[in-house]
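Before any comments, here is the structure.
The values are calculated or read from the model by the stated rules, or taken from the named source; none is laboratory data. Because the structure is predicted, anything quoted here is derived from the model rather than measured. Glycine gets a Cβ as well: all are built from the backbone with ideal geometry, and neighbour counts include every protein chain shown.
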Amino acid sequence: MNKKGKIILGIDPGTVIMGYSVISVDGNAIELLEMDVVKLNGKKDMFERLGEINQVIHKLIIQYKPSEMAIEAPFFGKNVQSMLKLGRAQGIAIGVAMTHQLNVSEYSPKKVKQSISGNGNANKEQIWKMLNNIIVIKQAIKYYDASDALAVAICHHFSLQGIKLTSLPKKSSKKSKSSSWDSFIKENPDRIKK
């Protein structure tokens, strides 16, 4: 494990599937140390699932010794019960991080998408493709919850580096979209892996 740089733990909270990632950052170099999900049994009592989230995050912190945790904020939907459950999962994750004296930062899903792809409305497949352009990822994606956790960790790194989180200009033709991406890449060369 690379211990030269800063270690960032990224969390995509959930009470059925929780995504997590751990990255090491040394200057502009980002190395993926681990990316996976915890599948929680939806038939189990909510408090048992919250206990599992606590244990997993505690183990990750002990194993990798991150100094920072980035977590995705809940998406505000119409289902109040889902929001309540997601808020509990997020609260447990933040509580464990605070117990270990980690700096915690929260990012909205739109801000995460914007920082990774330049488009706050990008879909999960687009984010996954951009993540593969930013860092070397040797594993296939099974659950987008894991890539969401990676995206929030990288978003946090970009935020710490003061990298501008802007969206791409909207164009209508295919040629315009291509030139938009070209200009985005030229303006953000540090987001592309070599």
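Confirm whether S67 is free of Cβ contacts under 8 Å to residues at least 60 places away in the same chain, at negative phi and not β-branched (V, I, T). No; evaluated as a whole, the condition is false for this residue. Filtering the range 68-91 down to residues that are at pLDDT 95 or above and either over 27 Å from I116 (Cα atoms) or not acidic (D, E) (or both), which residue is surrounded by the most Cβ atoms within 10 Å (Cβ to Cβ)? By that ranking, first place goes to A70. Here are some residues: I141, I137, I127, I154. Which one is farther than 26 Å from I94 by Cα and β-branched (V, I, T)? Residue meeting the stated conditions: I137.
The set of residues from the range 52-67 being surrounded by 14 or more Cβ atoms within 10 Å (Cβ to Cβ) and assigned to a helix (DSSP H, G or I) comprises E52, I53, N54, V56, I57, H58, L60, I61, Y64.
Based on what the data block shows, is S105 buried (at least 19 other Cβ atoms within 10 Å of the Cβ), polar (S, T, N, Q) and within 26 Å of G162 (Cβ to Cβ)? First the steps, then the outcome.
Values: buried (at least 19 other Cβ atoms within 10 Å of the Cβ): no; polar (S, T, N, Q): yes; within 26 Å of G162 (Cβ to Cβ): yes.
Here the answer is no, as S105 does not meet what is asked.
On the stretch given as the range 9-49, residues that are at pLDDT 95 or above and of a type in the set (G, A, S) total 4.
Here V38 fulfils each of the conditions (1) touching a residue at least 40 places away in the same chain (Cβ under 8 Å); (2) over 30 Å from D190 (Cα atoms); (3) surrounded by 18 or more Cβ atoms within 10 Å (Cβ to Cβ) apart from (1). Selection of first residues in the range 13-29 that are closer than 13 Å to A151 by Cα and of second residues that are surrounded by fewer than 19 Cβ atoms within 10 Å (Cβ to Cβ) and hydroxyl-bearing (S, T, Y), restricted to Cβ pairs under 6 Å at least 6 apart or on distinct chains, gives the following pairs, ordered by first then second residue: V22/Y64. Selection of first residues in the range 141-155 that are within 14 Å of V37 (Cβ to Cβ) and of second residues that are basic (K, R), restricted to Cβ pairs under 6 Å at least 6 apart or on distinct chains, gives the following pairs, ordered by first then second residue: Y144/K124. Going through (1) out of contact with any strand residue (DSSP E or B) (no Cβ under 9 Å at 6 or more places or on another chain); (2) over 19 Å from E106 (Cβ atoms) one by one, S24 falls short only on (1).
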